[in-house]
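Heads up: the structure comes next, in structure tokens.
The values are calculated or read from the model by the stated rules, or taken from the named source; none is laboratory data. Remember, it's a predicted structure, so these values are computed and weren't measured experimentally. Cβ placement follows ideal geometry from the backbone for every residue including glycine, while neighbour counts extend to all protein chains displayed. Note: areas computed on protein heavy atoms with side chains; ligands, DNA, RNA excluded. Shrake-Rupley method; radii C 1.70, N 1.55, O 1.52, S 1.80 Å.
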Amino acid sequence: WVQGTWMEEQLGERYADLMEQRARQTPLKRVATNDDVAEVVVSIAEGMHFVTGQLIPVDGGYSSKT
């Protein structure tokens, strides 16, 4: 769940409510932004040269909550 036009188009008139609901369910209490995703991509490209084949969720802890 990333804020932005694509999600807005997909969710339509329910965008604001669904994004707010998802944010409440996320440990960091917000959904990802384009900048959050870009920060991970740049970190991998610039400094994680030995990392391969990993899935790195950019979801504020949503996928790891118990």
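Observations
- Surface per residue (accessible, 1.4 Å probe) for the chain, Å²: 81
- Label point distance in nm, A45-R14, each placed 7 Å from Cα along Cα→Cβ: 3.5
- Cα pair distances exceeding 15 angstrom across the chain, given as percent: 58
- For the chain, the relative contact order is 37 percent, taking Cα pairs closer than 8 Å that sit 6 or more residues apart in sequence and dividing their mean separation by the residue count.
- Cα-based helix-to-principal-axis angle, 34-47 vs the chain, degrees rounded to 10: 10
- Candidates per trypsin sites (Lys or Arg not before Pro) in segment 1-47, loop by DSSP, up to 12 other Cβ within 10 Å: K29
- The chymotrypsin sites (Phe, Trp or Tyr not before Pro) of segment 8-66 that DSSP puts in a loop, and whose beta carbon has at most 16 other beta carbons within 10 Å, are F50.
- Taking the 1.4 Å solvent-accessible surface of the chain as the whole, the part contributed by carbon and sulfur is 54%.
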